[in-house]
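Notes follow once the structure below has been shown.
Only the coordinates and a few stated rules stand behind these numbers; no lab work does. Predicted model only: the values in this text are computed from it and were never measured. Here Cβ is always computed from backbone atoms with ideal geometry, including for glycine, and neighbour counts include all displayed protein chains.
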Amino acid sequence: DAELLRSELRTALEQAIQSLPDIYKTVLLLRDVEELSTEEAAEILGVSQDVVKTRLHRARLAVRQKLDAYLRRERN
């Protein structure tokens, strides 16, 4: 059932995000959920835009890896 799969994937995504260290989770939420600009996120966090970009990249990579692992388990 497609709806069940979407629900399970959404739960897996939420768990992946929640498992991130706070410095990565906060950047990911500000940029990808709240849709703030890099500049806005940097101002809120009191860091440079380069730091925001680096943390966001690392956060997305970690979430992607966790979701990949989840999807591999589900296929088996």
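If the chain between Asp50 and Gln15 were fully stretched, how many nm would it gain, using 0.36 nm times the residue separation less the Cα-Cα distance? Each step should come with its number before you reach the end.
Details: separation 35, 0.36 × 35 = 12.60 nm, distance 2.65 nm.
Result for the pair: 9.9 nm of gain on full extension.
Which net charge results when you count Lys and Arg as +1 and Asp and Glu as -1 among the other residues whose beta-carbon is under 14 Å from that of Glu34?
Details: positive: Lys25, Arg31; negative: Asp32, Glu35, Glu39, Glu40, Glu43.
Local net charge: -3.
Determine the relative contact order of the chain: mean sequence separation of Cα pairs under 8 Å and six or more apart, normalised by residue count, in whole percent. Mind dumping the intermediate values first?
Numbers: 44 pairs, mean separation 26.8, N = 76.
Dividing the mean separation by the residue count of the chain yields 35 percent.
Toward the positive end of the charge dipole of segment 2-75, about the Cα centre and with charges on Cβ (Lys, Arg +1; Asp, Glu -1), which of Leu56, Gln15, Leu29 goes farthest?
Of the listed residues, the answer is Gln15.
Just to verify a number: FRET efficiency for Arg72 and Asp22, C-beta to C-beta distance, R0 = 25 Å, to 0.05? Numbers along the way, then the final one.
On the way: r = 27 Å, r/R0 = 1.09.
Efficiency, from the Cβ-Cβ distance: 0.40.
Relative to the Cα centre, what is the charge dipole magnitude of segment 18-64, using +1 at the beta carbon of each Lys and Arg, -1 at the beta carbon of each Asp and Glu, and rounding to the nearest 20 debye?
About 360 debye.
For Asp1, what is the net charge nearby, where nearby means another residue's Cβ is under 15 Å from its Cβ and Lys, Arg count +1, Asp, Glu -1? The partial results should precede the final answer.
Numbers: positive: Arg6, Arg10; negative: Glu3, Glu8, Glu74.
Charge balance near Asp1 sits at -1.
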